[in-house]
Amino acid sequence: MADRGLLIVLSGPSGVGKGTVRKAIFESEEHDFQYSVSMTTRAKREGEIEGVDYYFRTREEFEAMIEAGEMLEYAEYVGNYYGTPLSYVNQTLDEGKDVFLEIEVQGAQQVKDKVPDGVFIFLTPPDLSELKSRIVNRGTDDMAVIDKRMQVAREEIEMMALYDYAVVNDEVPLAVDRIKKIITSEHFRVDRVIGKYIKMLKEM
């Protein structure tokens, strides 16, 4: 039976570039983990694809899944739900494959409660003025929403202490390289591998 996979959680404030960094990681050939597509009730943005960027659902559909206990985590953020379907994550981890989640900070808290041995990575902007510039340049939100996102971002950055690692997204290739190094090193932690060797010794 394969060892259970590693759950890797990437989150950070809105506009920090989580989606861009995640796409760059998966576009490279040097990764060996599965991406768990999140679910949301927000409107689909231009160019986004169902089942690739998100699973887009109505509020009613999402709340039905919450009631049925079918979400690993979920959060309501700026008027919309975001979350991770549970069945895919468990099945993939049980197959011995690593699972990569890109989720909101509220959701990451829930995952840490349920999967404390996951690897929790907080993606940070170089500074707050750069973060606001990125949100504005995205061109998808009006100023009222942008101001709300900045307010939430400040609160989220204060929650960085809940994470294992903080990675600055100053340049996407550098951020990608830092995250890959973290994941590689996590596989060699003694507390992750010692159980296998203790079992071997007992069987000798």
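Computed over the chain, the per-residue total of -39500 (n - 2.57) for DSSP H runs of n ≥ 4 gives a 222 nm mean residue ellipticity of -14000 deg cm²/dmol, rounded to 500.
For segment 7-203, the Stokes-Einstein estimate of translational diffusion at 25 °C and a viscosity of 0.890 mPa s comes to 138 µm²/s, using the Kirkwood hydrodynamic radius over alpha-carbon pairs.
Of all DSSP-defined beta bridges confined to the chain, some 30% are antiparallel rather than parallel.
Here's how it looks for residue 169: its modeled amide H is under 5 Å from those of 124, which are all 5 or more places away or on a different chain. Inter-part distance, segment 154-197 to segment 105-122, computed on C-alpha centroids, equals 12 Å. Separation of segment 75-102 from segment 1-23 is 10 Å, based on Cα centroids. Between residue 71 and 86, the built amide H atoms are under 5 Å apart, and every one of these is 5 or more places off in sequence or on another chain.
Report, to the nearest whole %, how much of the accessible area of segment 7-203 belongs to carbon and sulfur atoms, 1.4 Å probe, protein only. Summing carbon and sulfur atoms, their accessible area is 51 percent of the total for segment 7-203. Applying the criteria of a DSSP loop state and at most 16 other Cβ atoms within 10 Å to the GluC sites (Glu not before Pro) of segment 37-102 yields 46, 48, 70, 95. Hydrophobic long helices, here whole DSSP H runs in the chain with Kyte-Doolittle means of at least -1.0 and Cα atoms spread over 20 Å or more along the helix axis, are found at 143-157, 172-186. Summing charges over all other residues whose Cβ lies under 14 Å from the Cβ of residue 193, with Lys and Arg as +1 and Asp and Glu as -1, gives +1.
The values are calculated or read from the model by the stated rules, or taken from the named source; none is laboratory data. Because the structure is predicted, anything quoted here is derived from the model rather than measured. Glycine gets a Cβ as well: all are built from the backbone with ideal geometry, and neighbour counts include every protein chain shown. To get the accessible areas, we keep the full protein, side chains included, count just its heavy atoms, and leave off ligands, DNA and RNA. Shrake-Rupley method; radii C 1.70, N 1.55, O 1.52, S 1.80 Å.
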